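As structure tokens, the structure follows; a few thoughts come after it.
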Amino acid sequence: MNEELPSLSLDDGTPCGEQAASCARLVREAFESAADFRAFRALAENTPDTIARYDCQAQRTYANPAFARMVGVPAAELLGKKPSQSGIPQMLAYEAALLDAARSGQPTEYELSWTGAGGHLITSQIRLVPECGADGGVISVLAVGRDISEFKATERHLEQAEAMARLGHWQLDYRPGSLRLSAQLCRMLDKPRDWAPTQSDLLSMLALKDRRRVLERLCQARSERSTFLTLEYCVAVGGRSLHLHSDMNIEYDADGRLLQALGTVQDVSELKAYQRRLHALAFYDALTELPNRELFRERLQQALAESGRSGRQVVVAVLDLDNFKVVNDTFGHGAGDELLRETAARLRRFVCGNDSVARLGGDEFALILTKLTDTMDLEDVGKRILQAITGIYRIQEREVFVSGSLGISRSPTDAHTISELLQYADSAMYHAKAHGRNNVQLYSPRLTQRSTERQTLAVSLRHALHNGELALHYQPQIDLASGRVIGAEALLRWNHPEHGQVSPDTFIPIAEETGLIVSIGEWVLNQACRFAATWNREGRCPPLKIAVNLSPRQFQMNDLLASVQAILQKTRCEPGWLALEITEGLLLENSEAVRETLEQLSAMGISIAIDDFGTGYSALGYLSRFPIETLKIDRSFIHDIEHNRDSAELVKAIISMAHSLRLSLIAEGVEEVSQQAFLQRYGCHSAQGWLYGKAVSQEDFGQLSLLHAPEP
Ligand SMILES: Nc1nc2c(ncn2[C@@H]2O[C@H](COP(=O)(O)O[C@H]3[C@@H](O)[C@H](n4cnc5c(=O)[nH]c(N)nc54)O[C@@H]3COP(=O)(O)O)[C@@H](O)[C@H]2O)c(=O)[nH]1
């Protein structure tokens, strides 16, 4: 460009005046212009950018080598052609843009994408510059383009990668205050890809609960000149909430002023949902959606820590449903599940504020109560919990009555640790069960003592049989029409060497838990059959029928049929002299093995009686499925018969039903003549109770039966 131009003068060396000077200027300009042209040409032919010139009809008048290379056509073939003549659809719009630029005289930017000969997508970013002639009118349009195909491909790959990672990015330039969001971020936020929000537009999308926190974190980062920040927040997008994780880098100038911030935003909604699910699986019971034992322990730990600060007591209540197993076994596991869900719902309605309810497992629930003052009556609170869950449940179109047993312990009075509190509430609950269920028991050290005593008793019971500490007593059963003794219930007694008489209500459950009931039961059968044989062989008329209680475990744990047959044979007792008393619970299990055993026993001539009838479940179908001969009306109804209309009605209904089904009846626990009169009036066949005599030894039974002998 800096070529030296020669200076012009006349031959004699004098300047040739204005004309010559003008001529010299022209020549100089021509030289300069030629130099400019050469320079422009060198530039145009060597630049990697594409340069083309179009006339006002969009016909190409010039194309540089870079242009020819990009379109893959020799430059000479490109001249005189319009873009639309290439046959490439996108060129039509481009040609229109060229004509527009020629018309308006305004330079414009144009991004042109098309598929090249090799099948690759080519993108060129073109600046259209209208060129004017001497008269100021547009004579051509210069198109200077840059091949940005690679940049575009990289941008597309980045976009794909962002979409796959559910990750978007943004850039905030603080000086002009411009905020740019990546296409994926716009898509994530359900906005058009060229969305250009302000900072406050973005903030307003944040969930209310997060907005203040995010703003505070941003302000804090700014005041501390932090260069890196991580945030988590939720935004509302199209009616749903997205959980976003954001990392950002912040740049400052030397004076600490904000320059720019660059951030990534990742949609972690699925991850969060998965984490929530994992948390739910680890800490919540899937069936009832209540906290599980783990979470219960954690909450109890928190409650204890809080109680250490506030001085308030923490109360733990453990609830176990009464006879849940029977509902489960009778109506199926679906019904059991429904019952547990409904119980959970009732308990949830009961607790308030910070109090918690959890399902510890099976049919066992637990509550943490933290608002109870020391002066409050805990038994009363416990009763209200029971009230909340007790009653009729509608399960699978059936009505089931459900109650529960509740044990309560408290901190600091009873214990300070989670394990102790739970263990004590649990043993109080077992105590409530042993007390006839459907009641509340508060823990007291006496309970621990009792449980130790039970364990000691269990050890002594193992030796009781061999040591001759067990005896069988007989309670007479009276025919209400004749007043004669027609049978007797064999009731076991344990005369402990240290404790004296131990109640069967205490030792029978221990015998059942330990399995000792099988050998003890066999001994009882043996004794009872021996007694029946001795008594009846003396030719008494009618022969006495001895009723023996059978535990469900005797059905499960040995060959009951073989054992009964062997005993009858050994004692020479007639099967008709024996009645076996079973409970409804055994039948509700609906076991085929139990049914078969009962069928065979009945076929031998042994009577089968249902003990405590009326206290169980209203599933009476078993009365026709099993060979039942006798119903024993529970003594609780007889006790109430005169004061409680429901009990009286129930007894009348049982009597009427027994008549219809041709079942015989024995009313248990008759203590008053008036009760006897009631039973007679409604047609009950026979009775048993203290009115006729308590259970007495075999020796005393003779005396007792004489009292009920018919007049000679
Ligand atoms: N598996 C076995 N269970 C047995 C055996 N022996 C007894 N038992 C069960 O123990 C429970 C308590 O029995 P017990 O303390 O002997 O009480 C019985 C009667 O004494 C009592 N009863 C009888 N008449 C009256 C009365 O008028 N009033 C009143 N308050 N109580 C009375 O009832 C008990 C008999 O109940 P039941 O068996 O339901 O007919 C008890 O459940 C026994 O079954 C055994 O050998 N094996």
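Scanning the stretch 449-461 for residues that are surrounded by 15 or more Cβ atoms within 10 Å (Cβ to Cβ) and out of contact with any strand residue (DSSP E or B) (no Cβ under 8 Å at 6 or more places or on another chain) gives ARG450, ARG454, ALA458.
Taken over the stretch 58-91, the residue count meeting the criterion of being touching a residue at least 40 places away in the same chain (Cβ under 8 Å), farther than 12 Å from ALA143 by Cβ and either open to solvent by 70 Å² or more (accessible area, probe 1.4 Å) or among the β-branched types (Val, Ile, Thr) (or both) is 1. On inspection, ILE478 fails the criterion of being among the β-branched types (Val, Ile, Thr), more than 15 Å from the ligand (Cβ to nearest atom) and part of a strand (DSSP E or B). The residues of the stretch 633-652 that are open to solvent by 60 Å² or more (accessible area, probe 1.4 Å) and in contact (Cβ under 8 Å) with a residue 40 or more places away in the chain amount to a single one, ARG635. Here the strands (runs of 3 or more DSSP E) wholly within the stretch 487-599 that include at least 3 residues being touching a strand residue (DSSP E or B) at 6+ places or on another chain (Cβ under 9 Å) are 545-549, 578-583. When ARG309, ARG341, ARG346, ARG359 are screened for being charged (D, E, K, R) and modelled with pLDDT under 95, only ARG309 passes.
Among the residues of the stretch 496-512, none qualifies, meaning not one is away from the ligand (no atom under 15 Å from the Cβ) and crowded, with 16+ Cβ neighbours inside 10 Å.
Which of the residues belonging to the stretch 172-223 are loosely packed, with under 15 Cβ neighbours inside 10 Å, closer than 13 Å to ALA261 by Cβ and among the hydroxyl-bearing types (Ser, Thr, Tyr)? Result: SER178, single match.
Okay, residues lined up against (1) open to solvent by less than 40 Å² (accessible area, probe 1.4 Å); (2) in contact (Cβ under 8 Å) with a residue 40 or more places away in the chain; (3) basic (Lys, Arg); (4) within 13 Å of the ligand (Cβ to nearest atom):
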site: CYS541; (1), (2), (3), (4): no, no, no, no
site: PRO575; (1), (2), (3), (4): yes, no, no, no
site: GLN600; (1), (2), (3), (4): no, no, no, no
site: SER607; (1), (2), (3), (4): yes, yes, no, no
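Of the helices (runs of 4 or more DSSP H) contained entirely in the stretch 632-701, not one carries at least 3 residues that are within 15 Å of the ligand (Cβ to nearest atom), at negative phi and not assigned by the TED database to the domain that holds SER482. The set of residues in the stretch 513-529 that are near the ligand (Cβ under 8 Å from one of its atoms) and at pLDDT 95 or above comprises ILE520, GLY521, VAL524.
Screening VAL235, VAL268 for residues that are among the β-branched types (Val, Ile, Thr) and in contact with a helix residue (DSSP H, G or I) (Cβ under 8 Å, 6 or more places away or on another chain) leaves exactly one candidate, VAL235.
The values are calculated or read from the model by the stated rules, or taken from the named source; none is laboratory data. Values in this document were obtained by computation on a predicted structure and should not be read as measured data. Because the Cβ atoms are built from the backbone with ideal geometry, glycine has one as well, and the counts that use them run over all protein chains shown. Keep in mind that these areas ignore ligands, DNA and RNA; they rest on the heavy atoms of the full protein, side chains included. Shrake-Rupley method; radii C 1.70, N 1.55, O 1.52, S 1.80 Å.
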